[in-house]
Protein chains: 2
Amino acid sequence: MSSTIQKILQLCERQCFIQPVKDSLDLVEYFKFGFAGELLKNNVHQEWMLGVVINADENVFPFHSCKSASRDIIKDFSEPFEYVKKLNNAQLPFGITETRQDVRDTIDSSLQEEMRYFYPKKHTTLLSCIFAKPGNAMQRFYQWQRQRKMWWRKLNSIVRIRSEHVIPYIKIILLLLLQFSASPGRFSLTDIQNMPEAQLVEIKAEFPWGSQTVETIRYFGAKPFENSGDEHKTIFEVKDGRKKVLPHIIESVISLDTSVMVFVCDAFDEPLFLDSPRQVTRFHRKLAPYKVSFSASSSSATVGEELSELSLFLTKQLRNAGISTLLLPDVARKSLESQFARNDELGIPYTIVLNDATLRNGIVGMRSRDTTLKEQVHVYELKTYMEKLLKNY
Amino acid sequence: MSSTIQKILQLCERQCFIQPVKDSLDLVEYFKFGFAGELLKNNVHQEWMLGVVINADENVFPFHSCKSASRDIIKDFSEPFEYVKKLNNAQLPFGITETRQDVRDTIDSSLQEEMRYFYPKKHTTLLSCIFAKPGNAMQRFYQWQRQRKMWWRKLNSIVRIRSEHVIPYIKIILLLLLQFSASPGRFSLTDIQNMPEAQLVEIKAEFPWGSQTVETIRYFGAKPFENSGDEHKTIFEVKDGRKKVLPHIIESVISLDTSVMVFVCDAFDEPLFLDSPRQVTRFHRKLAPYKVSFSASSSSATVGEELSELSLFLTKQLRNAGISTLLLPDVARKSLESQFARNDELGIPYTIVLNDATLRNGIVGMRSRDTTLKEQVHVYELKTYMEKLLKNY
């Protein structure tokens, strides 16, 4: 087993992300998510909803299916299609998504051991189908590939050094130091493969131990209708302007569980710190389970108590603004470095550091996970500043 | 069957919210969600996450369980508890939530028919446990009741007439006209019942056909540990300051499926419009499946075409800002009134109305679902204005 993936799995268990549960053949049966993994999974799912359902070019209508896919796209979609066709005035284009609890029948047991972690037997499938106009379906297929690739790239863990953080020459040094971390080119499209039933493109993620399919996109055209009965053809018949046509189908499939695993692997990094490697998960701030945490270093127990109270006040303020914040009771007890190390492993982008001076001048340090540098912020501005930082991609 | 609930179920099916699936005994087996229901369910779930996990007074750690609850709180929570105890430095208080696919063993078949819709056999349970300090657990129990009641009240469908919408005297008339709609007092707490194993409080929703339990809150104290083995006591033993204690447990349970049904019933209204009743679902804007829709009335096909293109442009802008927007191809074809009627049934808070003049002066009408009044907004300001409107509760 590659030592990197071993380290990732150990970190996952230590920080309560995911724990692969194996069967008697040593294949990954499913992922058990801990609290950090649940928060991450929820964020991945919401980003998928945003990208594929809410911010889509067509109207996209989400459905949920209790049954596993039959792999017959016509049968699987006929019921939701009828609903949506009526609402959409039988006009193309539109989209339908389905969330499914799927079971993989066969796992290739000859697969390299570390690759098996990406294919749990039981997992949640997020499937989306675009029903396009025959005339521009091919164009939509290419555009869709680009859009999906961008979705993956947008959420990957490239280190973003904001110019406010550092003076120029430090910035250059940092960029050089950090350039070995997660690359934006990790996610790429394969060439189109011509299969009997569809044209197929995959989005792959490159890892040191090999490449991993994260999304499969198929362009079926109107082929699925060729072997289906007249009854189905009537259901799926729609209008393209005034012509009656059968829609051309573009299907896209990701596994929610695999995606969570991929984003953890993507985020994992081991930069050197004081000559020894430190483990960090550089989650994109939209995906990070927690966005902010608090630490304090104080000269006395009384000051420590006051700093804990201030941390609690600021935490409530951030949480009230919907910002996921971790406040642990060790704030003023454990060493700063051990708190930073844990926050880095949990992938928390910012740690707010309070000290004796904070009580006098109201200034806190905002330590960045990615640069390990501290920026000074006044407590009155913290909420607004955090909201601004977390708003954009 | 009460005629109101019959109307609600017909609307649910017509607009693709939920469809109760019944078993051979005519009891609701589960809810099948359509696209509008899926969006609503996702919004209810996210609001629960915000209220119970992210914006909680304690650190709350979300978990997921594949198995149904054993109703033995100690057994169910011992594994997540061990993780969280370690992270939280064995200090109280903290919280743990679990999402479960539950099956109700017994449904009271003597239940009034309309009440059965609130108790599907298979449903998703959202469970949260606060592990409180023995010294202030009782106080936390009362505080928790208030917080949960406020969560329900905050999201209910009371008509909010914003002062910008209307001149004062119209506002007063509207308030009088609309006061028969959903009341903020729909959700209330029952008295505390003393059960052998816990003190129990329910949050109930009042409907014309009776009252419905929407959340059950139990204060167990440390009772669950009395009958559990020493092994469990060791797992659950934590520190309150320097003392070793067993936590006091406050548990809160809602059904996600029931909640969606409750919010649909809460939102349903039949105000008179031109002397005939029109059906509206007055969802809180945070819950509404779609926040905005577009309609156009044009004098000619050419203008209609241009207005459709402008609608598409504005839709993309709103979607890009993460605002769920419905744009149907009937924009310039069906009558405005029939589009408004559909949007009101889908619970869309705002419909943007474009007309011939819009192409000249850039002004659109923003029709409110709740007041049916139109406000004028310039297309350049639409996105910012919508973001502001949708931000707050």
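With respect to the stated conditions, B:Phe31 is buried (at least 21 other Cβ atoms within 10 Å of the Cβ), aromatic (Phe, Trp, Tyr) and either within 30 Å of B:Ile96 (Cβ to Cβ) or outside the structural domain of B:Gln147 (by TED's automatic domain parsing) (or both). Condition check for A:Ile323 on (1) within 12 Å of chain B (Cβ to nearest Cβ); (2) surrounded by 17 or more Cβ atoms within 10 Å (Cβ to Cβ); (3) assigned to a helix (DSSP H, G or I): one failure, at (3). Here B:Leu9 passes the criteria (1) out of contact with any helix residue (DSSP H, G or I) (no Cβ under 6 Å at 6 or more places or on another chain); (2) surrounded by 16 or more Cβ atoms within 10 Å (Cβ to Cβ); (3) facing chain A (nearest Cβ under 8 Å) except the one numbered (3).
Here's the yes/no breakdown for (1) more than 10 Å from chain A (Cβ to nearest Cβ); (2) closer than 20 Å to B:Phe35 by Cβ; (3) in contact (Cβ under 8 Å) with a residue 40 or more places away in the chain; (4) small (Gly, Ala, Ser):
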residue: B:Gly304; (1), (2), (3), (4): yes, no, no, yes
residue: B:Glu309; (1), (2), (3), (4): yes, no, no, no
residue: B:Leu346; (1), (2), (3), (4): no, yes, yes, no
residue: B:Leu354; (1), (2), (3), (4): yes, no, yes, no
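Of all the residues in segment A:67-88, those that are within 11 Å of chain B (Cβ to nearest Cβ), without any contact (Cβ under 8 Å) to a residue 60 or more places away in the chain and assigned to a helix (DSSP H, G or I) number 6. When A:Thr106 is tested against (1) at the interface with chain B (Cβ under 7 Å from one of its Cβ atoms); (2) of a type in the set (Ser, Thr, Tyr); (3) without any contact (Cβ under 8 Å) to a residue 12 or more places away in the chain, just one condition goes unmet, and that condition is (1).
Taking segment B:198-217, which residues are out of contact with any helix residue (DSSP H, G or I) (no Cβ under 9 Å at 6 or more places or on another chain) and touching a residue at least 24 places away in the same chain (Cβ under 8 Å)? Answer for segment B:198-217, where residues must be out of contact with any helix residue (DSSP H, G or I) (no Cβ under 9 Å at 6 or more places or on another chain) and touching a residue at least 24 places away in the same chain (Cβ under 8 Å): just B:Thr216. In the set (1) in contact with a Ser or Thr (Cβ under 9 Å, 6 or more places away or on another chain); (2) modelled with pLDDT of 85 or more, the condition left unmet by A:Ser68 is number (2).
When segment A:247-285 is filtered for residues that are acidic (Asp, Glu) and surrounded by 22 or more Cβ atoms within 10 Å (Cβ to Cβ), the ones remaining, listed by number, are A:Asp257, A:Asp266. Count of segment A:216-232 residues, restricted to those that are in a strand (DSSP E or B) and surrounded by fewer than 19 Cβ atoms within 10 Å (Cβ to Cβ), is 1.
The set of residues in segment A:367-388 that are basic (Lys, Arg) and over 21 Å from the mean Cα position of the chain (by Cα) comprises A:Arg367, A:Lys374, A:Lys383.
Just to be sure, is A:His64 facing chain B (nearest Cβ under 8 Å) and surrounded by fewer than 20 Cβ atoms within 10 Å (Cβ to Cβ)? The answer is yes for A:His64.
Of note, B:Glu98 satisfies the criterion of being assigned to a strand (DSSP E or B), touching a residue at least 12 places away in the same chain (Cβ under 8 Å), within 11 Å of chain A (Cβ to nearest Cβ) and out of contact with any Gly (no Cβ under 8 Å at 6 or more places or on another chain). Does B:Lys244 satisfy the criteria of being in the same structural domain as B:Pro208 (by TED's automatic domain parsing), assigned to a strand (DSSP E or B) and either surrounded by fewer than 19 Cβ atoms within 10 Å (Cβ to Cβ) or out of contact with any helix residue (DSSP H, G or I) (no Cβ under 8 Å at 6 or more places or on another chain) (or both)? Taking the combined requirement at face value, the residue satisfies it. Would it be correct to say that B:Arg342 is among the charged types (D, E, K, R) and farther than 24 Å from B:Glu38 by Cα? Answer is no for this residue.
Under the condition of being surrounded by fewer than 22 Cβ atoms within 10 Å (Cβ to Cβ) and closer than 18 Å to B:Gln15 by Cβ, the residues counted in segment B:341-380 number 3. A search for C-beta distances below 7 Å between a residue of segment B:255-266 that is touching a residue at least 24 places away in the same chain (Cβ under 8 Å) and any residue that is basic (Lys, Arg), counting only pairs 6+ apart in sequence or on different chains, returns B:Leu256/B:Lys41; B:Val260/B:Lys41; B:Asp266/B:Arg186.
Scanning segment B:335-377 for residues that are closer than 19 Å to B:His284 by Cα, hydrophobic (A, V, I, L, M, F, W, C) and outside any strand (DSSP E or B) returns B:Phe340, B:Ala341, B:Leu346, B:Ile348, B:Leu373. For B:Leu287, the conditions (1) within 11 Å of another protein chain (Cβ to nearest Cβ); (2) touching a residue at least 24 places away in the same chain (Cβ under 8 Å) are fulfilled apart from (1).
Only residues that are facing chain A (nearest Cβ under 8 Å), touching a residue at least 24 places away in the same chain (Cβ under 8 Å) and not in a helix (DSSP H, G or I) were counted across segment B:31-56, and they come to 2.
For every residue, the table says whether it meets (1) touching a helix residue (DSSP H, G or I) at 6+ places or on another chain (Cβ under 8 Å); (2) part of a loop (DSSP other than H, G, I, E, B); (3) not assigned by TED's automatic domain parsing to the domain that holds B:Asp344.
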{"site": "B:Ile254", "(1), (2), (3)": "yes, no, yes"}
{"site": "B:Phe263", "(1), (2), (3)": "yes, no, yes"}
{"site": "B:Ser295", "(1), (2), (3)": "yes, no, no"}
{"site": "B:Ser299", "(1), (2), (3)": "yes, yes, no"}
{"site": "B:Gly304", "(1), (2), (3)": "no, no, no"}
{"site": "B:Leu310", "(1), (2), (3)": "yes, no, no"}
{"site": "B:Lys316", "(1), (2), (3)": "no, no, no"}
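On the given criteria, is B:Lys383 surrounded by fewer than 23 Cβ atoms within 10 Å (Cβ to Cβ), closer than 26 Å to B:Phe17 by Cβ, within 14 Å of chain A (Cβ to nearest Cβ) and at pLDDT 95 or above? No; evaluated as a whole, the condition is false for this residue. Answer yes or no: is there a residue in segment A:110-120 that is part of a loop (DSSP other than H, G, I, E, B), farther than 30 Å from A:Gln6 by Cβ and free of Cβ contacts under 8 Å to residues at least 60 places away in the same chain. No, every residue in segment A:110-120 fails to be part of a loop (DSSP other than H, G, I, E, B), farther than 30 Å from A:Gln6 by Cβ and free of Cβ contacts under 8 Å to residues at least 60 places away in the same chain. Just one of the listed residues (B:Val280, B:Val364) is away from chain A (no Cβ under 13 Å), more than 22 Å from the chain's Cα centre (by Cα) and over 25 Å from A:Asn392 (Cα atoms), namely B:Val364.
The values are calculated or read from the model by the stated rules, or taken from the named source; none is laboratory data. Note that the coordinates shown come from a computational prediction; the quantities given were computed from them, not determined experimentally. In this analysis, Cβ positions are derived from the backbone assuming ideal geometry, glycine residues included, and neighbour counts consider all displayed protein chains.
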